[in-house]
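Asks: First the structure, then my questions, so here it is.
The values are calculated or read from the model by the stated rules, or taken from the named source; none is laboratory data. Keep in mind it's a predicted model, so treat the numbers as computed, not measured. Note: ideal-geometry Cβ built from the backbone for every residue, glycine included; neighbour counts use all protein chains shown. Keep in mind that these areas ignore ligands, DNA and RNA; they rest on the heavy atoms of the full protein, side chains included. Shrake-Rupley method; radii C 1.70, N 1.55, O 1.52, S 1.80 Å.
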Amino acid sequence: MVENSIILGSESVKKRDEDSDDVYYSPFWGIEKGAVLQEARCFNDSQLDARRCQQVITKLLYLCNQGDTFTKTEATEVFFSVTKLFQSKDSNLRRMVYLIIKEVCPSSDEVIIVTSSLMKDMNSKVDLYRSNAIRVLCSITDAGLLGQIERYLKQAVVDKNSVVSSAALVSGLHLLKINADIVRRWSNEIQEAINSSHPMVQFHALSLLHQIRQSDRLAVSKLVTQLTKSNIRSPLAQCSIIRYVSQVISQTVPSDNAPRPFFDFLEGCLRNKSEMVIFEAARAIINLKEVTSRELQPAVSVLQLFLSSSKPVLRFGAVRAINQIALKNPLSVTNCNLDMENLISDQNRSIATLAITTLLKTGNESSIERLMKQISVFVSDIQDEFKIVVVQAIQTLCLKFPHKHRTLVNFLSNILREEGGFAFKKAIVDSIFCIIKNIPDAKDPGLTHLSEFIEDCEFTYLSSQILHLLGSEGPQTTDPSKYIRYIYNRVVLENAAIRASAISALSKFGAECPLLRSRVLTLLYRCLHDSDDEVRDRATLYVQNLEKLSLHEVDNSNSHKVTDFALQDLESSLYSYISGCTVSPYSISNVRSASQKSKTEHGISKILSKAGHDSSFSEDVSSSFEQSNLLSNPLFSVYGSVFKVCSSNSRISPLNYFMFQSSKPISLTEAETEYKVNLSNIKFISTHVLSQVTCIVHLFQSHVVFEFKCTNTIEEQVLEDISVSMEMIEGVDFLAENSTISLDRMPLGDEGSTFVIFDRKEGVFEQAKFSCILRFTSKEIDPATGEPEEEGYDDEYTLEDVDLKLTDYLRPTNISNFKKAWDSLSEECECSSDYDIGKREGLQQAVEMVINIIGCQPCEGTEAVPPNSRSHSTLLSGVCIGESQVLIRTNFGLDELNNVTMKITARSERLDISELVHAIISNS
Amino acid sequence: MELALIGLQNAGKTSFVNVVSGGEFVEDMIPTVGFNMRKVTKNKVSIKMWDMGGQERFRNMWERYCRGVTAVVYVLDAADKENFPLAKTELHALMQKPAVAGVPLLVLGNKSDLKDAADARTVIDAMELRRLSGREVCCYCISCKSQHNVDVCLEWLSKHAK
């Protein structure tokens, strides 16, 4: 029976469908502008057919809404014939007339012709005419005419008919733009309308009242205070009040202890009987600035109720709001996890996706496996854009719980193999890239997944990207050989672009893994006859390079493996052996091996890049480090061996190679003199300004190295044996001059460096000022021969003074959890003090200034001061020389006269380091 | 029948419509912005009147409402002799338009109750009505205030009702 009836039912439905297919035509089918304009002539008939006119107007309106436009003449013609329709008393036709006037609305000097008719309608007895006439009139009126109709509008605001009253109020909103003063005069009437019993009127009146006062913050605040106490029943109006309230809250500066203004009101709205109001209030609470979890609590509980509502819109709104909370306060919404897990199977996919992504944010490490299982069930039937959201959430989760990378990367690679568009696949690949980059353990499995993926990847772009990554990351893995098969398969099977990428990737394995080189070469030889030019070119180039590399190896395999030594070190040690005493036999063991050297360099750059995380300071530092000749100049080896000599004398322990930080380059010659050098060298030969010198201070654990970079700017001159003698002119005795490395010859137009090395007493943080004198031998070039003269003369030139600053002892570092780090440092090594900074434009300026002075890294985004704040805390973190952590809390306050006061509390492992921070502040 | 009431501002067009439709004469009227549409039934004849605004900005739109009317009624302030030349120019300009070719014209010298109001003959001369050929032209001096000659006008109008 049941089956039968179902079949019957479906049949009848089918039948009806077929029937309607036959008879159903869109009433708007085949409407064509020209024809309709012809038809519009019926408006001019002396005997009007109201029904026909209505139909024609409907067609005209349809055309307008479909994006058809009328020419100026057409619009004018239609408009004037429409005005003739005012003679008809048919109210339906009149309604259409109002609509079409607003729609075609020709130029203002023509549209004015209907003014009188509209004014008549505005005072008519028919409410329908009155409300519509008000709306049309206000949309066509100009400032001059407004004066004439204002009286009627004002009256209409308090009309007992709600439609008329609303029409007047909404018109008021539009008129504010034309003539705000006139609308402001209605405030008594508007106030009366707010108390109307009709919800729509209430809502419109409220909007208008707020709009009028919008520009006056104080008035808005007053209005809101008054409204929260009044008895507004319209849910829409209540929602508006909530919005105004949150606006006022966001503009008030929060005082530390006082409760947030209006919070009670918002909390009260959560108990409103209208769901719309409840939701609006919850949203307002969520969006409060620096909302506490206690404040969130009531909002979260109503949202939790909504989660199990039968209305999809409420479920969606709730899960969306909770998702938003989860971004900042994931802990506050963990209570809702169970409800959200039910939503994963929600019919509405938007709700399900939001639920999943929220759960991924709030979930703890233990629930990940379970979640992943649930997601994999549902992920196949959602759309790509939702999948992308899920993928991004998983990426974030993986970075949050690195231990779970295996599960998460597995999941990603599974969905990577499923159906999906380019954007989706790209999102997954990007996520895996990001995970590989940030979680070292995930690198091997990640690369394996990716290389399996390219076996069957339809997107050339992604394949090339993955091949590139395999090329750059693969050789460093424990078993590079396994990737070669995957890569070479691409060369055999894919299109030219991928083949080319694969060859580049292969060659990287060949270059970096000597053991695989011959095998890679064999593979590359096969590519030399590829049909594509680019592929062939790349193959040829890499074959050449790799062959050269392997030849090199064979040549040197029987000798001392020269390449294993740092060539520069070797050269300089030989040099010093020859020039020094040759009594003892030369030992190569003094020369560092290349790998050792690169390790040191690696170490240095690693530390620099560690400091360089998102920090502009450190970028400066690393760039000044790169600019420094410490590494690049051949002198580095001399410099290195000098340290070696020292270390053999055990005055510097090897540990102290470790470099702390380098200052930014400071120019020691005035920029102006450089120009002058170019203009007239004779003058400067006599005053001995021959070169351009900049200084970089390199701070080591127990040494300070001043590097002077010099450039000869005069062609007719040779400068030799350059050194700088430094003398401390300010500061206590904590440095002892160790040695000086002179520069043999100042290069012309290029930089050469001379160094002065001081031993530093560890644990002493002092500043110092040095006077510097550049000493050199100057030889003139004989213009006839172009050769420098034999005899030169010694000369010297006083440089600007060089400072060793207190900030040089500090380096910015980023830490993820300031509070944890802070608590781990003992209170005993805390040092705090108050400072008066004086007048500033705002707190942001003061904060930036202090950050600049201390030179530490602002943490957790606290360097940004919210607008209008009167107080702010900034957290700074840094490392002091000796690798001891320094943490600084700064509290800023702004008084009425814009005077800024600040309290600085510093903690570190040692009290004297905390004091260093205060010394920096008080010195500047 | 359908009439178009034309004339410079403050001539008395709206007052004429009011009087014809049986209303009271009101001393201070507000200027008509645009047009008024009025329908009355007089002597079993239904009259549709397009009462146009007389201000300059509306004058180029008069023609649009004269198309297809039974007669054009041109109302003139007979006491405002200064504006006779302007009134004449506007009238003749309108009569040139093809839309009103052959349409009968009734010229009304309104405000005849005023002391210095011109009489019909003066109006005919000042308006150079004799030059308007190809249509029936008639001229009366009326007063909307005292209802003087209004009935004569209606008589003339009902004669032309089709």
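Asks: Within region B:57-65, does at least one residue satisfy the condition of being touching a Gly at 6+ places or on another chain (Cβ under 8 Å), buried (at least 20 other Cβ atoms within 10 Å of the Cβ) and within 14 Å of chain A (Cβ to nearest Cβ)? Lay out the reasoning, then the answer.
Replies: Looking only at region B:57-65, we keep the residues that are touching a Gly at 6+ places or on another chain (Cβ under 8 Å), and these are B:58.
Add one more test, that the residue is buried (at least 20 other Cβ atoms within 10 Å of the Cβ), and what stays is B:58.
Still in the running and within 14 Å of chain A (Cβ to nearest Cβ): B:58.
Checking region B:57-65: at least one residue is touching a Gly at 6+ places or on another chain (Cβ under 8 Å), buried (at least 20 other Cβ atoms within 10 Å of the Cβ) and within 14 Å of chain A (Cβ to nearest Cβ).
Asks: Are there any pairs, at least 6 apart or on different chains, whose C-beta atoms fall under 7 Å, with the first in region A:81-94 and at the interface with another protein chain (Cβ under 9 Å from one of its Cβ atoms) and the second among the hydroxyl-bearing types (Ser, Thr, Tyr) and crowded, with 20+ Cβ neighbours inside 10 Å, and if so, which?
Replies: A:86/A:117
Asks: Here's a follow-up. Would a scan of region A:303-315 turn up a residue that is open to solvent by less than 70 Å² (accessible area, probe 1.4 Å), among the hydroxyl-bearing types (Ser, Thr, Tyr) and assigned to a helix (DSSP H, G or I)? Show your work before the answer.
Replies: Taking region A:303-315 as the starting set, the residues that turn out to be open to solvent by less than 70 Å² (accessible area, probe 1.4 Å) are A:303-304, A:306-307, A:309, A:312, A:314-315.
Filter once more, keeping what is among the hydroxyl-bearing types (Ser, Thr, Tyr): A:309.
Next cut, assigned to a helix (DSSP H, G or I) only: none.
No, the conditions are met nowhere in region A:303-315.
Asks: Further question: Residue A:771 is checked against (1) open to solvent by 20 Å² or more (accessible area, probe 1.4 Å); (2) under 41 Å from the mean Cα position of the chain (by Cα) and fails just one. What number does that condition carry?
Replies: (2)
Asks: Out of curiosity, is residue A:796 of a type outside the set (A, V, I, L, M), surrounded by fewer than 17 Cβ atoms within 10 Å (Cβ to Cβ) and touching a Phe, Trp or Tyr at 6+ places or on another chain (Cβ under 8 Å)?
Replies: Values: of a type outside the set (A, V, I, L, M): yes; surrounded by fewer than 17 Cβ atoms within 10 Å (Cβ to Cβ): yes; touching a Phe, Trp or Tyr at 6+ places or on another chain (Cβ under 8 Å): yes.
So residue A:796 passes the test.
Asks: Return the only residue of A:158, A:201, A:170 being under 30 Å from residue A:110 (Cα atoms) and at pLDDT 85 or above.
Replies: Values: A:158 fails: under 30 Å from residue A:110 (Cα atoms); A:201 fails: under 30 Å from residue A:110 (Cα atoms).
The conditions single out A:170.
Asks: Shifting gears a bit: Among the residues in region B:18-28, are any open to solvent by 10 Å² or more (accessible area, probe 1.4 Å), at the interface with chain A (Cβ under 9 Å from one of its Cβ atoms) and at pLDDT below 90?
Replies: For region B:18-28, residues open to solvent by 10 Å² or more (accessible area, probe 1.4 Å), at the interface with chain A (Cβ under 9 Å from one of its Cβ atoms) and at pLDDT below 90: absent.
Asks: I need every pair where a residue in region A:40-68 that is more than 14 Å from chain B (Cβ to nearest Cβ) has its Cβ under 9 Å from the Cβ of a residue that is crowded, with 16+ Cβ neighbours inside 10 Å and aromatic (Phe, Trp, Tyr), sequence separation at least 6 or different chains.
Replies: Short answer, once both residue conditions are applied: A:53/A:43; A:56/A:43; A:57/A:43; A:60/A:70; A:63/A:70; A:64/A:70.
Asks: Which of the following residues is modelled with pLDDT under 90, within 19 Å of residue A:135 (Cα to Cα), open to solvent by 40 Å² or more (accessible area, probe 1.4 Å) and away from chain B (no Cβ under 12 Å): A:102, A:33? Give the steps one after another, and end with the answer.
Replies: Working: A:33 fails: within 19 Å of residue A:135 (Cα to Cα).
From the options A:102, A:33, the qualifying one is A:102.
Asks: Here is a list: A:881, A:853, A:913. Which entry is over 25 Å from residue A:249 (Cα atoms) and open to solvent by 20 Å² or more (accessible area, probe 1.4 Å)?
Replies: Values: A:881 fails: open to solvent by 20 Å² or more (accessible area, probe 1.4 Å); A:913 fails: open to solvent by 20 Å² or more (accessible area, probe 1.4 Å).
After ruling out the rest, the residue left standing is A:853.
Asks: Quick check: anything in region A:110-117 within 20 Å of residue A:65 (Cα to Cα), within 12 Å of chain B (Cβ to nearest Cβ) and either open to solvent by less than 40 Å² (accessible area, probe 1.4 Å) or not in a helix (DSSP H, G or I) (or both)? Let's see the steps before the verdict.
Replies: First, pick out the residues of region A:110-117 that are within 20 Å of residue A:65 (Cα to Cα): none.
No, there is no match, as no residue in region A:110-117 is within 20 Å of residue A:65 (Cα to Cα), within 12 Å of chain B (Cβ to nearest Cβ) and either open to solvent by less than 40 Å² (accessible area, probe 1.4 Å) or not in a helix (DSSP H, G or I) (or both).
Asks: For the subset of region A:880-912 comprising residues that are modelled with pLDDT of 80 or more and of a type in the set (Val, Ile, Thr), which member is nearest to residue A:803 (Cα to Cα)?
Replies: Ranking the qualifying residues of region A:880-912, first place goes to A:886.
Asks: For the list (1) surrounded by fewer than 14 Cβ atoms within 10 Å (Cβ to Cβ); (2) away from chain A (no Cβ under 14 Å); (3) part of a helix (DSSP H, G or I); (4) of a type outside the set (Val, Ile, Thr), I need the number of the one condition that residue B:94 fails.
Replies: (1)
Asks: Restricting the first residue to region A:118-130 and requiring it to be more than 14 Å from chain B (Cβ to nearest Cβ), which pairs with a second residue that is among the polar types (S, T, N, Q) meet a Cβ separation below 8 Å and a spacing of at least six or different chains?
Replies: Once the first residue is more than 14 Å from chain B (Cβ to nearest Cβ) and sits in region A:118-130, its partners that are among the polar types (S, T, N, Q) give A:126/A:91; A:127/A:161; A:128/A:91; A:130/A:123; A:130/A:124; A:130/A:161.
Asks: Right, here's the next one. Condition first: open to solvent by 30 Å² or more (accessible area, probe 1.4 Å) and modelled with pLDDT of 90 or more. Can you find one or more residues in region B:44-55 that meet it?
Replies: Yes, region B:44-55 has at least one match.
Asks: Can you name the residue in region A:487-528 that is in a helix (DSSP H, G or I), among the hydrophobic types (A, V, I, L, M, F, W, C) and open to solvent by 40 Å² or more (accessible area, probe 1.4 Å) and, of all such residues, is nearest to residue A:544 (Cα to Cα)?
Replies: Kept after step one, since they are in a helix (DSSP H, G or I), are these residues of region A:487-528: A:487-493, A:496-512, A:514-527.
Right, trim to among the hydrophobic types (A, V, I, L, M, F, W, C) and you get A:487, A:491-493, A:496-498, A:500, A:502-503, A:505-506, A:509, A:511, A:515-516, A:520-521, A:523-524, A:527.
From what is left, the residues that are open to solvent by 40 Å² or more (accessible area, probe 1.4 Å) are A:492-493, A:497, A:511, A:515.
Numbers: A:492: 21, A:493: 24, A:497: 21, A:511: 11, A:515: 17 Å.
Only one residue tops the list, namely A:511.
Asks: Just checking, how many residues over region B:29-45 are polar (S, T, N, Q), in a loop (DSSP other than H, G, I, E, B) and at the interface with chain A (Cβ under 9 Å from one of its Cβ atoms)? Step through it out loud before you land on a result.
Replies: Within region B:29-45, the subset polar (S, T, N, Q) is B:32, B:36, B:41, B:43.
Okay, now just the ones that are also in a loop (DSSP other than H, G, I, E, B), so B:32, B:43.
Next, from what is left, pick out any that are at the interface with chain A (Cβ under 9 Å from one of its Cβ atoms): B:32.
Residues flagged as polar (S, T, N, Q), in a loop (DSSP other than H, G, I, E, B) and at the interface with chain A (Cβ under 9 Å from one of its Cβ atoms) within region B:29-45 amount to 1.
Asks: Sticking with this one: Scan region B:104-139 for residues that are buried (at least 19 other Cβ atoms within 10 Å of the Cβ) and part of a loop (DSSP other than H, G, I, E, B) and jot them down.
Replies: B:111, B:112, B:117, B:118, B:127
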